[in-house]
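S.K.: Have a look at this one before I ask anything.
The values are calculated or read from the model by the stated rules, or taken from the named source; none is laboratory data. Source: prediction; values computed, not measured. Using ideal geometry, Cβ is built from the backbone for each residue, glycine included, and neighbour counts are taken over all protein chains shown.
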């Protein structure tokens, strides 16, 4: 089967170093294996969308030489596919209505794991979410290409929401439906999403969808050890001086680019990076630290 990878940012702000780190690794993995690289904009969570950020992300990727194959897919245009998946799960008896709020779950001492309070029916009147009923006895195994063998005891994860109280579809359902529809064979993303992979594997099995191969990258953090993301106001990338940004990303990915490489055109940088790509250089690293906004002076932990 031909390799198909993807990058799937949420348009909640402009492209930042943490996103570039993941995009670069995903792109290099696809191109080094002669595969396709797709772009999907995950714009389901409409209250968090920042106007213009989807367009900025696309412009910045192109300015840095990260060219995707085929049309950009927007999750907001795929509601019919999610409705069909919901109907299939409902017909199989795998969904139930839940009236519990996040505050109620946290106050119940469940440490964020849903205890199945509404499995026999909503416990109060009002709007409800839809949850996926996991198999409490199931243990799912993942052979991650970078993190190694991982086992997920589903009862320790709880039943995930697949459609929110406000009617919006949740990430866990949308991501498995979209990856399958696009023929994605390999997923490269950060370890912050590793824990939720157990839910996605369970949903893939319930819907009869193929399971991609996964490679979870070390988390990119700031100097204080906090995840480098839009939520921490990480400095955005404007696409200018691509050599400096790309070489920073390659350094963070432990690819050891020569210092003079940042003076080369972006096309030459990508030629070097694809030929030298070695994701195993990051094996065993839990996190990598970057000095935000100073692409020429990145630091590694």
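S.K.: Being under 19 Å from the mean Cα position of the chain (by Cα) and in contact (Cβ under 8 Å) with a residue 60 or more places away in the chain: is that true of residue 59 here?
M.R.: Taking the combined requirement at face value, the residue does not satisfy it.
S.K.: When you go through (1) at pLDDT below 95; (2) under 25 Å from the mean Cα position of the chain (by Cα); (3) on the phi < 0 side of the Ramachandran plot one by one for residue 111, which number turns out not to apply?
M.R.: It is condition (3) that residue 111 fails.
S.K.: Of the residues 93, 34, only one is loosely packed, with under 14 Cβ neighbours inside 10 Å, closer than 28 Å to residue 244 by Cα and either over 17 Å from the mean Cα position of the chain (by Cα) or assigned by TED's automatic domain parsing to the domain that holds residue 238 (or both); which?
M.R.: 34
S.K.: Something else now. Please pick out the residue among 44, 66 that is under 21 Å from residue 164 (Cβ atoms), assigned by TED's automatic domain parsing to the domain that holds residue 252 and in a loop (DSSP other than H, G, I, E, B).
M.R.: Being under 21 Å from residue 164 (Cβ atoms), assigned by TED's automatic domain parsing to the domain that holds residue 252 and in a loop (DSSP other than H, G, I, E, B) holds for just one of 44, 66, which is 44.
S.K.: Continuing with this model, one more query. For segment 116-128, which positions are surrounded by 15 or more Cβ atoms within 10 Å (Cβ to Cβ) and out of contact with any strand residue (DSSP E or B) (no Cβ under 6 Å at 6 or more places or on another chain)? Let's see the steps before the verdict.
M.R.: Here is the first cut: in segment 116-128, the ones surrounded by 15 or more Cβ atoms within 10 Å (Cβ to Cβ) are 116-118, 122, 128.
Passing the criteria: 116, 117.
S.K.: Something else: Residue check: is residue 180 buried (at least 20 other Cβ atoms within 10 Å of the Cβ), at pLDDT 95 or above and touching a helix residue (DSSP H, G or I) at 6+ places or on another chain (Cβ under 9 Å)?
M.R.: no
S.K.: Which residue out of 228, 285, 250 is at pLDDT 95 or above, assigned by TED's automatic domain parsing to the domain that holds residue 34, under 22 Å from the mean Cα position of the chain (by Cα) and under 28 Å from residue 148 (Cβ atoms)?
M.R.: Sole residue among the options that is at pLDDT 95 or above, assigned by TED's automatic domain parsing to the domain that holds residue 34, under 22 Å from the mean Cα position of the chain (by Cα) and under 28 Å from residue 148 (Cβ atoms): 250.
S.K.: Among (1) in contact with a helix residue (DSSP H, G or I) (Cβ under 6 Å, 6 or more places away or on another chain); (2) surrounded by fewer than 20 Cβ atoms within 10 Å (Cβ to Cβ); (3) under 25 Å from residue 219 (Cβ atoms), which single condition is residue 11 missing?
M.R.: (2)
S.K.: Here is a follow-up. Which residue pairs have Cβ atoms closer than 7 Å, lie 6 or more positions apart in sequence or on different chains, and pair a first residue in segment 97-125 that is outside any loop (DSSP other than H, G, I, E, B) with a second residue that is surrounded by 14 or more Cβ atoms within 10 Å (Cβ to Cβ) and at pLDDT below 85?
M.R.: 114/105
S.K.: While we're on this one: Working only within segment 192-211, note down all residues that are within 25 Å of residue 27 (Cβ to Cβ) and free of Cβ contacts under 8 Å to residues at least 12 places away in the same chain.
M.R.: The answer is 211, and nothing else.
S.K.: Tell me, please, whether a residue that is touching a helix residue (DSSP H, G or I) at 6+ places or on another chain (Cβ under 7 Å), modelled with pLDDT of 95 or more and either outside any loop (DSSP other than H, G, I, E, B) or within 25 Å of residue 240 (Cα to Cα) (or both) can be found in segment 76-84.
M.R.: yes
S.K.: What are the residues in segment 129-171 that are over 25 Å from residue 213 (Cα atoms), surrounded by fewer than 19 Cβ atoms within 10 Å (Cβ to Cβ) and touching a strand residue (DSSP E or B) at 6+ places or on another chain (Cβ under 8 Å), if any?
M.R.: Across segment 129-171, the qualifying residues are 164, 165.
S.K.: Does residue 189 fit the bill of being touching a strand residue (DSSP E or B) at 6+ places or on another chain (Cβ under 7 Å), without any contact (Cβ under 8 Å) to a residue 40 or more places away in the chain and closer than 20 Å to residue 45 by Cβ? Give the steps one after another, and end with the answer.
M.R.: Details: touching a strand residue (DSSP E or B) at 6+ places or on another chain (Cβ under 7 Å): yes; without any contact (Cβ under 8 Å) to a residue 40 or more places away in the chain: no; closer than 20 Å to residue 45 by Cβ: yes.
So residue 189 does not fit the description; no.
S.K.: Between a residue in segment 134-145 that is without any contact (Cβ under 8 Å) to a residue 40 or more places away in the chain and any residue that is not in a strand (DSSP E or B), which pairs come within a Cβ distance under 7 Å, given they are 6 or more apart or on different chains?
M.R.: Sorted first by the residue in segment 134-145, then by its partner, the pairs are 136/154; 136/155.
S.K.: How many residues, within segment 126-166, are over 25 Å from residue 218 (Cβ atoms), within 21 Å of the chain's Cα centre (by Cα) and not in a loop (DSSP other than H, G, I, E, B)?
M.R.: Residues that pass the stated criteria total 7.
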